[in-house]
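> Let me begin by handing over the structure; questions about it come next.
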Amino acid sequence: MRDRTILIVGGGIGGLCTALALGQAGWNVRVLEQAPQFGAIGYGIQLGPNVVPMLARIGVAERVLAASVLPGNVWMLDALTGQAVTCVRTDEAFRERYGAPYIVIHRVDLHNILVDACRAVPGVHLDEDAAVTGFEDQGDHVVVTTQDGRRIEGAIVIGADGIRSRIRTQILGTSEPVPTGYVAHRTIVPIEKAPKQIPLDDVVLWGGPGFHIVHYPLRSSTIFNIVAVFQTETFAQKGDVESYRAELQRTYANAHPAMREMIALLDLERRWPIGDRPPQRGWSKGRAVLMGDAAHATLQSLAQGAGMAIEDAIILSALIDDCGGDYPAAFRTFESERLVRTARVQMESRFLWEHFYHTGDVETQVRNATEAARSVEDVWECLDWLYKGAVVPVGKGG
Ligand SMILES: Cc1cc2nc3c(=O)[nH]c(=O)nc-3n(C[C@H](O)[C@H](O)[C@H](O)COP(=O)(O)OP(=O)(O)OC[C@H]3O[C@@H](n4cnc5c(N)ncnc54)[C@H](O)[C@@H]3O)c2cc1C
C-alpha cells in the first residue's frame, strides 16, 4: 500500500485539487491538514478562464460554475477621481476567445465542493488536526512526522502547505516571505449595503497612491465582497479595531467618496499582512515536491495564486501518474513545465503592484494615458499568455 500512497501536506485549494486528481486516477492519497477542520476563510476569490478547464478535468467545473457569479467586466478605476483607467471585458466575446468564463466564487463554496468531491473518491483520505513538522526521505519511501508524534509513510510527499510551507523550508532552506509593507482587510456585507453609485455586478479595482480596494458580488449577487489593501508602517504589528479604523481613515482620506463608504463597511477584527516571494528554482528533492504557494507564492495583482495552484494540481498529478515510479524525474519535469509561467505571474504581479495599482502623481498620469489608448482587443492580447491556459504535458491529466 505504501508504494501507492501519496502524502499531501496542506488541504488548501492546491492540496485538495491534487488529491482529487490522483484519487480519480486510482492512487491512495492522504491529505494532512493542520486545521481542526478542512475549510476556507469566508471571503471571495476570482478565477480566470485558464482555471475552469482544469476544474473540468477533475469533474467539478459544473458545480463550481453553478455556485459562481460571472461578471461582465473587470474594471480598474482611478481611486481619486473614480474615472475608468481600463477594463477587461469578460462578456460573451471574452468567453468565446478563451473558451471559458471569468468567475468569482465564495471560497467556502469552492472548498466545500472540493472536500465533497474528495470524500466521494474511495482512495482519498482527509486527515484533520495533522500539523506536519517535516519529512524523512528513506530512499524508497518517505515518512512524514506530525506535531502530535505520528509517523506516516508514503511513496512521496507533496508540499501544498502555502506561503509559509514547512516542506519548502526542508527543501529550499529557511526563508521568510518578503514583507511588502501592505495589509489587507476583507469583508462581506449584504449587497443592499454596498454604495449605490458603483458597478455592483462587475469586479472592480480602485487603484491609488499606496492603497487599493477590490470588490465584487457573490452568491447570486446577494452579498458583496470587499478587500481593502494599503501600505502602512504598522504592517507587522497587531493593533485593535480603533487603531485600524484611524489608520484607514487617514489612508483613504482623499479617496473617492464611494471608496470611503466601503471603508466604513469593513470588518476590522482581522487584518492580513501581505507577503511576497521572488521566483526560485529547486522545487523538489528526492521524493518530495512543492506546489502552489509553497513553490511560487505571488502577490494577488493578477488574482492568479489559486489559479496557479489548480493548474499545478492537474499537471503534477498527470506527471506522477505517468512516471512509472520515477518520481524525481516527474518532479523535475513538473518544475520545468511550470517555472516560467508561475514566475511570470509572480513578476507581472509585482510590477502591477508597484507601477499600476499603487501609483501617484506623474506615474498615475502616465498609467492613465497609456491605458486610455488601448482597445478591448489590446487588453485581451496582453492577457492571452495567461488566460489561454496551461498545457497538460501528458495524456491522462487526472
Ligand atoms: C487578499 C488576497 C486575495 C487573493 N485573491 C485571489 C484571487 O482572487 N484569485 C486567486 O487565484 N488567488 C488569490 N489569492 C491567492 C490565493 O489565496 C493563494 O494563492 C492560494 O490560496 C494558494 O493555495 P495553496 O493551496 O497553495 O495554499 P493555501 O491556500 O495557503 O493552503 C495551504 C494549506 O496548508 C495548511 N498547512 C500549512 N502548514 C501546514 C502544516 N505544517 N501541516 C499541515 N497543514 C499545513 C494550511 O492550513 C492550509 O490549509 C489571494 C490572496 C490574498 C492574500
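Just so it is clear, none of the values below were taken in a lab; they were calculated from the coordinates. Being a predicted model, the structure only gives us computed values, none of them experimental. Positions of Cβ are generated from backbone atoms using ideal geometry, with glycine treated the same way; all protein chains shown enter the neighbour counts.
> Give, rounded to the nearest 20 debye, the magnitude of the charge dipole that the chain has about its Cα centre when Lys and Arg contribute +1 at Cβ and Asp and Glu contribute -1 at Cβ. Please report the intermediate quantities before stating the final value.
Details: 38 positive and 47 negative charges, 65 e Å.
Taking the Cα centre of the chain as origin, the dipole is about 320 debye.
> Another question, then. Let me check I've understood the local charge: for residue 72, count other residues with C-beta under 12 angstrom from its C-beta, Lys and Arg +1, Asp and Glu -1. What total comes out?
Counting the neighbours of residue 72, the net charge comes to -2.
> Identify, among 34, 133, 68, the residue whose Cα sits farthest towards the positive end of the charge dipole of the range 32-177, taking +1 on the Cβ of Lys and Arg and -1 on the Cβ of Asp and Glu, with the dipole about the Cα centre.
68
> What's the FRET efficiency of residue 233 with residue 351 using the Cβ-Cβ distance as r and R₀ = 25 Å, to the nearest 0.05? Walk me through the numbers before you get to the answer.
Numbers: r = 24 Å, r/R0 = 0.95.
Step by step, r from the Cβ atoms, then E = 0.60.
> Please work out how much length the chain gains when fully extended from residue 65 to residue 388, using 0.36 nm per residue of separation minus the C-alpha to C-alpha distance, in nm with one decimal.
This chain segment gains 114.4 nm when fully extended.
> Continuing with this model, one more query. Please report the antiparallel percentage of DSSP beta bridges with both residues in the chain, rounded to the nearest 5.
Working: 47 of 68 bridges.
The antiparallel fraction comes to roughly 70 percent.
> With the convex hull built on the Cα atoms of the chain, state its orientation-averaged projected area in nm².
Computing the convex hull of the Cα atoms and averaging its projections yields 18.7 nm².
> Determine, from the Cβ-Cβ distance of residue 381 and residue 193 and an R0 of 35 Å, the FRET efficiency 1/(1 + (r/R0)^6), rounded to the nearest 0.05.
0.40
> Another question about this same structure. Once the Cβ-Cβ distance between residue 361 and residue 119 is put in as r, and R0 is 56 Å, what FRET efficiency do you end up with, to the nearest 0.05? Can you show the working numbers first?
Details: r = 53 Å, r/R0 = 0.96.
After rounding, the FRET efficiency stands at 0.55.
> Can you list the HN-Hα couplings for the range 315-326, worked out from phi with the Karplus curve (6.51, -1.76, 1.60; θ = phi - 60°), rounded to whole Hz and with x for Gly and Pro?
6, 4, 5, 5, 5, 4, 5, 9, 8, x, x, 8
> Same structure, new question: Compute the signed sum of charges (Lys and Arg +1, Asp and Glu -1) over the other residues within less than 13 Å, Cβ to Cβ, of residue 359.
Around residue 359, the charge tally is -4.
> Another question, if that's okay. Can you compute the label reach from residue 326? Point 7 Å from Cα along the Cβ direction, backbone N cut-off under 17 Å, restricted to the range 263-294.
285-288
> I would also like to ask the following. Taking only Cα atoms and a 10 Å spring cutoff, compute GNM fluctuations for the chain and point out the largest among 205, 114, 268.
268
> Which of 207, 230, 169 sits farthest toward the positive end of the charge dipole of the range 167-253, with +1 on the Cβ of Lys and Arg and -1 on the Cβ of Asp and Glu?
Of the options given, the answer is 169.
> Provide the per-residue ³J(HN,Hα) series for the range 143-150, in order, calculated from phi with Karplus coefficients 6.51, -1.76, 1.60 and θ = phi - 60°, each as a whole number of Hz, with x at glycine and proline positions.
10, 9, 10, 10, 4, 8, x, 7
> Report, in deg cm²/dmol and to the nearest 500, the calculated mean residue ellipticity at 222 nm for the chain, where each DSSP H run with n ≥ 4 adds -39500 (n - 2.57) and the sum is divided by the residue count.
Rounded to the nearest 500, it is -11000 deg cm²/dmol.
> OK, next. Let me have the relative contact order for the range 179-231, percent, based on Cα pairs under 8 Å that are six or more residues apart.
RCO, the range 179-231: 45 percent.
> Given an 8 Å cut-off on Cα distances and at least 6 residues of separation, report the relative contact order of the chain as a percent.
Relative contact order here is 22 percent.
> List the aspartates and glutamates whose Cα lies under 20 Å from the Cα of residue 193, skipping any in the same chain that are fewer than 8 positions away.
Hits, sequence-local ones excluded: 201, 202, 261, 267, 269.
> Let me test this: with uniform point scatterers at the alpha carbons of the range 202-266, what is the Debye-based log₁₀ I(q)/I(0) at q = 0.24, 0.25, 0.27 1/Å?
With one equal scatterer per Cα and no solvent, log10 I(q)/I(0) is -1.08, -1.14, -1.25.
> Along the positive direction of the dipole of the chain (beta-carbon charges: Lys, Arg +1; Asp, Glu -1; about the Cα centre), which of 147, 317, 394 reaches farthest?
Farthest towards the positive pole: 147.
> What does the extension gain come out to for residue 129 and residue 242, with contour length at 0.36 nm per residue minus their alpha carbon separation?
37.3 nm is the gain from fully extending residue 129 to residue 242.
> So, one more: On full extension of the chain, what length is gained from residue 260 through residue 92, given 0.36 nm per residue of separation minus the C-alpha to C-alpha distance?
Result for the pair: 57.2 nm of gain on full extension.
> What percent do you get for the relative contact order of the range 152-288 when only Cα pairs under 8 Å and 6+ apart count?
34 percent
> Using only Cα atoms, tell me the angle between helix 376-387 and the longest principal axis of the chain; keep it within 0 to 90° and round to the nearest 10.
20 degrees
> Something else about it: Give the long-range amide H neighbours of residue 133: residues separated by 5 or more places, or on another chain, with amide H under 5 Å away, using H modelled in the peptide plane at 1.01 Å from N.
Counting only residues 5 or more places away or on other chains, the set is 145, 146, 147.
> Dipole magnitude of the range 1-98 about its Cα centre, charges +1 at Lys/Arg Cβ and -1 at Asp/Glu Cβ only, in debye to the nearest 20?
Roughly 360 debye, rounded to the nearest 20.
> Round to the nearest 10 and give me the degree value, 0 to 90, for the angle of helix 13-24's Cα axis relative to the longest principal axis of the chain.
40 degrees
> Another question, then. If amide H atoms are built 1.01 Å from N in the plane of the peptide, which residues on other chains or at least 5 residues away come under 5 Å of the amide H of residue 29?
Amide H to amide H, under 5 Å and 5 or more residues apart or across chains, residue 29 pairs with 6, 124, 125.
> State to the nearest 20 debye the size of the charge dipole of the range 41-127 about its Cα centre, where the only charges are +1 on K and R beta carbons and -1 on D and E beta carbons. If you can, show how the numbers build up before the last one.
Working: 7 positive and 8 negative charges, 26 e Å.
Value, rounded to 20: 120 debye.
> Sticking with this structure for a sec: Does the range 156-288 come out rounded, prolate or oblate by the C-alpha gyration tensor, with a ≥ b ≥ c the root eigenvalues, rounded set by a/c under 1.5 and, if not, prolate when a/b is larger than b/c and oblate if not?
The shape class here is prolate.
> For the range 348-355, in order, what is each residue's ³J(HN,Hα) by Karplus, 6.51 cos²θ - 1.76 cosθ + 1.60 with θ = phi - 60°, in whole Hz (x at glycine and Pro)?
Using θ = phi - 60°, the values come out as 5, 5, 5, 5, 4, 4, 7, 10 Hz.
> Report, to two decimal places, the Cα Rg of the range 265-398 normalised by 2.2 N^0.38 Å (N = number of residues).
Cα-based Rg divided by the globular estimate yields 1.28.
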